[in-house]
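Worksheet: one structure, shown below.
A short reminder: the numbers here are calculations on the coordinates, not readings from a lab. This structure is a prediction, so every number in the text was calculated from the model and none was measured. FYI the Cβ positions are ideal-geometry reconstructions off the backbone, even for glycines, and counts take in every protein chain you see.
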Amino acid sequence: MKILDVEQIRQLDKYTIANEPIAPIQLMERASQAFVDWFRMRFDALTPVKIFCGLGNNGGDGLAIARLLIQANYIVEVFVVRHAPRESDDFAHNHRRLKLLINPHYIEKPGDMPTLRQKDVVIDAILGSGISRPVEGIVKVVVEAINRAPAQVVAVDIASGLYANQPNQPGEVAVQPDYTVTFELPKLALLLPGNARWVGEWHMVDIGLHQRFIDQAPTPFYYTTDDEARLLLRRRDKFSHKGTFGHALLLVGSYGKMGAAVLAARACLRSGVGLLTVQVPHCGYEVLQTAVPEAMCRPDVNERVLTGPSEVDGPALADYSALGLGPGIGKAPETVRFLREVMTAFNRPMVIDADALNLIAEHRDLMGLLPENSILTPHPKEFERLTQRWQNDYDKLELLRDFAQRKQVIVVLKGAYTAVALPNGEVHFNSTGNPGMSTGGTGDVLTGVLTALLAQGYDPIEAAVLGVFAHGQAGDVAARERGQIGLTASDVVDGLRWD
Ligand SMILES: NC(=O)C1=CN([C@@H]2O[C@H](COP(=O)(O)OP(=O)(O)OC[C@H]3O[C@@H](n4cnc5c(N)ncnc54)[C@H](OP(=O)(O)O)[C@@H]3O)[C@@H](O)[C@H]2O)[C@@H](O)CC1
Ligand SMILES: Nc1ncnc2c1ncn2[C@@H]1O[C@H](COP(=O)(O)OP(=O)(O)O)[C@@H](O)[C@H]1O
Ligand SMILES: [K+]
């Protein structure tokens, strides 16, 4: 699903009005009805609702929502924040209609702000995607009072004061909602970690904007939906055999970090690889053979770290279908040498994670050896080591796009809404996963998943988008089974399903 910017959304609005065709006021009605449908599933009619409206179309939505909720027997009070002399036409229309049902209150000075109680639910319809400058004056007073109040807050489209696709400056004020109900498409701002308190839990509601415009609109930003991920998944052929699904090699683990090897190996097997060989330092041999009997083990001649040679014969490096390296390998000098050999000998896309990324950051010559279309899976700290510090999330996104394009690799920047940056400049934000996954080892699981997909012949871009989605989904399955807090990386492995 595409993520469009504010200007494109404005155009989309116009395009829908002209080509559906539909009157602007009807489009507002449809958006408001979609919000109300969502609202009624969350809050029953006994909930006291206080709706704060600005004077633009977001405020117009708020007034229409008020009318629809009153018609559904909710007890609604409306507060119009008079921050400007002008109001939008659709605001004015809905204002007239609402006044046939109730008298709104008007907030012009701080003393007009009502007291908000814990049982109230506030609907924030002061400003939407149309903001063009920081919140000040009476709007700021109201926003700050809403943020101090014990009431639950639901933002219409986007929290008042939050920019949809540019950074807010430090010190700027915006509503801090519990929920954001956004129209039609996700906004970039909803996906960025620095905005968490201005977003809350967000939901998307369909308001029937024109698909033809969306299909043609250029954007580098996408949000991976369930249906899109499912389309990438390949079915198994009736006459397939283990050779059909590739032979993967994982280079993982070191003394004290053999768990990373086990997790990556188990995830790789749970993601459909045909055959798996795991090379670990010698001390990991029994661990691997015991914990993951399905995998073949190639013990390194070195007791504690990976160096390359093994007393067990196996295919030449270049003969494996896919390679995944990094989890738990440490940063020993012998391992750096091995890494250099591997990256030279295996010149097809590989999965590179954890300490392999840290080593590349420390030994810049390795950067030049990255095979095109390799999948790098840094968490933010690892990405910073590969690049530089960033000012804000938007700056980070540009660094990410630039890195993926310059190095012609796929970068999976991990976290909530993991961002998969492609060599063509696109960024695909993931929609699955949960904070229960913020626990050691879940990244190692992802390395195993991605390596398995490459081994099965998935195109690296598809492997990255699908693998990240399935990994997050496995985390969601695990969280449903045992809650987020007690979730472990092994639970994520067990949650993997490919149907
Ligand atoms: N296509 C869709 O998805 C649909 C969208 N719809 C709804 O429309 C909303 C966008 O509406 P909008 O364009 O009227 O802007 P909105 O956010 O209400 O701001 C109002 C005006 O306030 C002003 N202003 C700016 N910054 C300010 C500030 N800091 N403090 C004070 N004032 C400030 C600025 O006017 P200015 O003063 O600059 O002339 C601005 O125009 C959208 O979020 C959704 O809810 C649905 O109804 C239908 C389908
Ligand atoms: N809050 C979150 N929401 C969604 N996914 C998360 C969240 N926190 C962590 N994750 C996921 O968990 C994984 C953590 O990886 P990483 O930081 O490398 O951990 P480790 O190095 O311990 O394996 C990533 O795939 C990341 O996207
Ligand atoms: K709003």
Surrounded by fewer than 18 Cβ atoms within 10 Å (Cβ to Cβ), within 16 Å of ligand 2 (Cβ to nearest atom) and not acidic (Asp, Glu) - does that describe any residue in segment 165-175? no
Among the numbered criteria (1) touching a residue at least 40 places away in the same chain (Cβ under 8 Å); (2) away from ligand 1 (no atom under 16 Å from the Cβ), which one does Asp89 miss? (2)
Just to be sure I understand, how many residues within segment 373-396 are within 19 Å of the chain's Cα centre (by Cα) and within 16 Å of ligand 2 (Cβ to nearest atom)? 12
Within segment 216-270, which residues are farther than 22 Å from Thr377 by Cα and touching a helix residue (DSSP H, G or I) at 6+ places or on another chain (Cβ under 6 Å)? Ala217, Tyr255
Inspect all residues belonging to segment 437-446 and state whether any of them is assigned to a helix (DSSP H, G or I), over 22 Å from Ala196 (Cβ atoms) and not aliphatic (A, V, I, L, M). yes
For segment 254-271: of the residues being among the small types (Gly, Ala, Ser) and either in a helix (DSSP H, G or I) or surrounded by fewer than 21 Cβ atoms within 10 Å (Cβ to Cβ) (or both), which is nearest to ligand 2 (Cβ to nearest atom)? Ala260
Given the residues Thr447, Thr451, which is the only one that is over 19 Å from the mean Cα position of the chain (by Cα), surrounded by 24 or more Cβ atoms within 10 Å (Cβ to Cβ) and within 16 Å of ligand 2 (Cβ to nearest atom)? Thr451
